[in-house]
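Here's the structure, in structure tokens; my notes come after.
Only the coordinates and a few stated rules stand behind these numbers; no lab work does. Everything numeric in this text was worked out from a predicted model, so none of it was measured. Every residue, glycine as well, gets a Cβ built from its backbone with ideal geometry; the counts of neighbours run over all protein chains shown.
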Amino acid sequence: MLPALILLALVTAVTGWCGRTDRPPLAPAAVDRSRHGTVAVFGATGLIGEGVLSAMLADPDVRTVHVVTRRRTPELDAAAATGRAVVHLHDDFLDYTALGPLLADIDAVYWALGTSAFNVSNEEYSQIHVDYPVRFVTSWLAARGRTAAISFHLVSGSGAAADSWFHWAREKARAEALLTEYTAGTGLRVVAYRPGGIVRTGPRARWYTQPIRLLQPLTSAIEPVRIGEAMLEVTARGAAIEGGVLDARDLTRYANAYRARLAAEVVGAPRGQHAESAR
Ligand SMILES: NC(=O)c1ccc[n+]([C@@H]2O[C@H](COP(=O)([O-])OP(=O)(O)OC[C@H]3O[C@@H](n4cnc5c(N)ncnc54)[C@H](OP(=O)(O)O)[C@@H]3O)[C@@H](O)[C@H]2O)c1
């Protein structure tokens, strides 16, 4: 198994390196922080969702994070104890009526719910990665009761393609396409994120994932919390993303822009300088 993982990391590094075009950093842009005042995170007990939740809790402008999950964890309990996270136990991800009026309050949804194609049948994979988010978004649209801009941020995956040989890659692309189709003209913006390698840190680090971490400078591998930061920047900018999809290198650019913006605010730029009234 170890040689296979090292080989995988090397392939990731080489393909990541060959594909690099050294895109320039994003220029500062106007932001509207009210776009992520009240948010929801799905998949927060997972590798990526946990990092996304951390980014939400660390952001000074996120007031409330609603975590929709099928199980509690000590980490979620700790987040709830801060008073900024509210945990909603939910067991049917094809039916969101139990969330009730909450849906009308949410400004942005960060969807990191999903699993590996190795864990489930093709049918289950399709249900989890296509039916669950599509059903949620259609329920959210029906419940929102307002015209303010809202946004849905889907963790997809590098390699998603409608014509792929792989079922998982076709289904990821199908989810992106259906969500875009169903929300066209509604004011609900859908952005899909296609991370490649994920860098595990802290308690999630494993000896066998160290090659990905060591080769990170050569690749577009990214820490989960940085995916959350990129999502916050995309939300706040209301940025028009070409095709509604961000690839792994653009994820890093948005995450860097997020940190640069917050650092600039810390050294004294008045917050209002960046704000625009977009609502
Ligand atoms: N990890 C990677 O290297 C990577 C890279 C690119 C893209 N992605 C994509 O990112 C997404 C999240 O991946 P991850 O690595 O963070 O996965 P993960 O660690 O396995 O976490 C998955 C999350 O989704 C929830 N979930 C899974 N199946 C569910 C179901 N049937 N019903 C309700 N909740 C369910 C899990 O809840 P429980 O904790 O209750 O099981 C958990 O919160 C996936 O779509 C994956 O394809 C992952």
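Report the residues of the range 135-154 in range of a label on L94: point 7 Å along Cα→C-beta, backbone N strictly under 13 Å from it.
Those under the cut-off are 135-136.
Only Lys, Arg, Asp and Glu count, each charged at its Cβ (+1, +1, -1, -1), so figure out the dipole size of the chain about its Cα centre, rounded to 20 debye. Walk me through the intermediate numbers first.
On the way: 29 positive and 27 negative charges, 115 e Å.
Charge dipole, the chain, about its Cα centre: 560 debye, nearest 20.
Divide by every residue of the chain the summed helix terms, -39500 (n - 2.57) for each DSSP H run of at least 4, and state the resulting mean residue ellipticity at 222 nm, rounded to the nearest 500 deg cm²/dmol.
Working: 10 runs with 113 residues, N = 279.
Helix-only estimate at 222 nm: -12500 deg cm²/dmol.
With Rg and the Kirkwood Rh both taken from Cα atoms, where does Rg over Rh land for the chain?
Numbers: Rg = 18.3 Å, Rh = 19.3 Å.
Radius of gyration relative to Kirkwood radius: 0.95.
Inverting the mean 1/r over all pairs of different Cα atoms, compute the Kirkwood radius of the range 107-147 and quote it in Å. Could you put the intermediate results ahead of the total?
Values: mean 1/r = 0.0864 Å⁻¹.
One decimal place: 11.6 Å for the Kirkwood radius.
Say the dipole of the range 33-264 comes from +1 at the beta carbon of Lys and Arg and -1 at that of Asp and Glu; which of I212, G145, Y125 then lies farthest toward its positive end?
Of the candidates, I212 comes out farthest on the positive side.
Any idea what the dipole of the range 79-227 comes to, in debye rounded to 20, about its Cα centre with Lys/Arg Cβ at +1 and Asp/Glu Cβ at -1? Before the final figure, lay out the partial values.
Working: 14 positive and 13 negative charges, 135 e Å.
The calculated dipole for the range 79-227 is roughly 640 debye.
Looking at A192, L94, V225, which one has the Cα that reaches farthest to the positive end of the dipole of the chain (charges on Cβ: Lys, Arg +1; Asp, Glu -1)?
Of the listed residues, the answer is V225.
What is the magnitude of the charge dipole of the range 24-77 about its Cα centre, with +1 placed on the Cβ of each Lys and Arg, -1 on the Cβ of each Asp and Glu, and no other charges, expressed in debye to the nearest 20?
Working: 6 positive and 6 negative charges, 40 e Å.
Taking the Cα centre of the range 24-77 as origin, the dipole is about 200 debye.
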